[in-house]
Amino acid sequence: MRESTKTLMRKHGRRIDRALHNYLYFRWYYPYVKAASLAVGALKFVSWIAPLKHVGRAVFNRYHSKVLSGEDARRILTLNEDVRVVSDANRRIVPYPYAHSIIFQDPEFVAVMDCPCKKSYRAPADTINSCIVVGSGTGRFWLDTCAKYNARRISQEEALAIVRRFRGMGYVTQAFFKVATGGSTGVICNCHPDSCVSLKATAEARRLDPSLSMNAESGYAVRRDTSTCVACGACASACHFGAMAMTNGAPEYAMGRCMGCGLCVERCRHGAITLHRDPGKTMPLDLDLVREGIGR
């Protein structure tokens, strides 16, 4: 057994079942997620079955994501020290009961490999190699075990360039948390509603129960400066969540729908939109705050 596999197994302690799940999840990443994508597609046909919302909540509590602003993603991808915050208080940042640990061990070790979601939905070939992992534990396992998914080690600068490229194309940055991978983050992905199982799962699950979501909001909301806004509509075209829309020739903001991804801010050429911390939302995954112990 490779040392990277032993490291992966040790992460789960006595939970051999979770360790095996973790191994199988990444070892057969594509067929695993392909099956999940088929299950998500079937939800629209069975949304009338009320008990499924309980199944959905159980799954979402164990496999979910945190939306990241561009700046919060940058802080993660430029880490030069270990971060380990394991506490129930992390639910202020990641509001799920099981998988919410914030762990970046050996964060300068970064790897990237093919995204199984994009492969499943036949996304353009030049977007496939886009799943990023921060940390040597999972990173070395990817390099040792996932060659068929084009796993390769990259620098932090290359990882940042990948995120910036995808954000420029309108992809949402997400940090994923899974019970199957130790209940902590580490995988950063570039997600689009057309080719992301988690975003599609939330959209379909809300047919069962509007409160269901696999994607935790970033913790930010948007402010628009009406004195500099030229009502060009760029913000509305950038928003995947229906939070920005053009009404009577002017942008209209629906805060309740906003995930705080920041794509509208980056798309606005006039600097009329900014992100700000919203105390009514979950706290951001801002590593400056995490270092200060805010998440403890």
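Among the residues in segment 239-246, are any of a type in the set (A, V, I, L, M, F, W, C) and within 16 Å of residue 70 (Cα to Cα)?
Yes, segment 239-246 contains at least one residue that is of a type in the set (A, V, I, L, M, F, W, C) and within 16 Å of residue 70 (Cα to Cα).
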- Give the number of residues within segment 246-278 that are in a loop (DSSP other than H, G, I, E, B) and within 16 Å of residue 229 (Cα to Cα). 7
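Take segment 95-106 and flag every residue that is of a type in the set (A, V, I, L, M, F, W, C) and farther than 12 Å from residue 290 by Cα.
99
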- Message: Can you find a residue that is in a loop (DSSP other than H, G, I, E, B) and over 14 Å from residue 290 (Cβ atoms) anywhere in segment 82-93?
- Response: no
- Restricting attention to segment 95-148, which residues are touching an Asp or Glu at 6+ places or on another chain (Cβ under 9 Å), farther than 16 Å from residue 186 by Cα and polar (S, T, N, Q)? 129
- Determine whether segment 125-136 contains at least one residue that is surrounded by fewer than 22 Cβ atoms within 10 Å (Cβ to Cβ), closer than 26 Å to residue 213 by Cβ and among the polar types (S, T, N, Q). yes
- Query: Hey, does segment 269-282 have a residue that's among the polar types (S, T, N, Q) and more than 19 Å from the chain's Cα centre (by Cα)?
  - Reply: yes
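Just to be sure before I move on: is residue 210 assigned by TED's automatic domain parsing to the domain that holds residue 134, free of Cβ contacts under 8 Å to residues at least 12 places away in the same chain and not charged (D, E, K, R) in the structure I sent?
Yes; evaluated as a whole, the condition is true for this residue.
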- Query: Where in segment 128-207 are the helices (runs of 4 or more DSSP H), entirely inside, with at least 1 residues that are under 15 Å from the mean Cα position of the chain (by Cα) and in the same structural domain as residue 20 (by TED's automatic domain parsing)?
  - Reply: 156-168, 197-205
- Tell me which residues, restricted to segment 95-119, are assigned to a helix (DSSP H, G or I) and crowded, with 22+ Cβ neighbours inside 10 Å. 116, 117, 118
- So, of the residues in segment 154-188 that are of a type in the set (Lys, Arg) and crowded, with 20+ Cβ neighbours inside 10 Å, which turns out to be modelled with the lowest pLDDT? 178
- Result of the Cβ filter at 8 Å on segment 6-17, keeping first residues that are in the same structural domain as residue 99 (by TED's automatic domain parsing) and partners that are among the β-branched types (Val, Ile, Thr) and surrounded by 11 or more Cβ atoms within 10 Å (Cβ to Cβ), at least 6 apart or interchain, is 8/138
- Are any residues in segment 208-235 of a type in the set (A, V, I, L, M, F, W, C), surrounded by 22 or more Cβ atoms within 10 Å (Cβ to Cβ) and assigned to a loop (DSSP other than H, G, I, E, B), and if so, which ones? 214
- Residues being part of a loop (DSSP other than H, G, I, E, B) and surrounded by fewer than 20 Cβ atoms within 10 Å (Cβ to Cβ): count how many of those fall in segment 279-296. 8
- Exactly one of 63, 29 is more than 27 Å from residue 260 (Cα to Cα), hydroxyl-bearing (Ser, Thr, Tyr) and surrounded by 17 or more Cβ atoms within 10 Å (Cβ to Cβ), and that residue is 29
- Note on the structure: The condition of being hydroxyl-bearing (Ser, Thr, Tyr), touching a Leu at 6+ places or on another chain (Cβ under 8 Å) and closer than 30 Å to residue 37 by Cβ holds, among 218, 211, only for 218
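The values are calculated or read from the model by the stated rules, or taken from the named source; none is laboratory data. Computed from a predicted structure; not experimentally measured. Every residue, glycine as well, gets a Cβ built from its backbone with ideal geometry; the counts of neighbours run over all protein chains shown.
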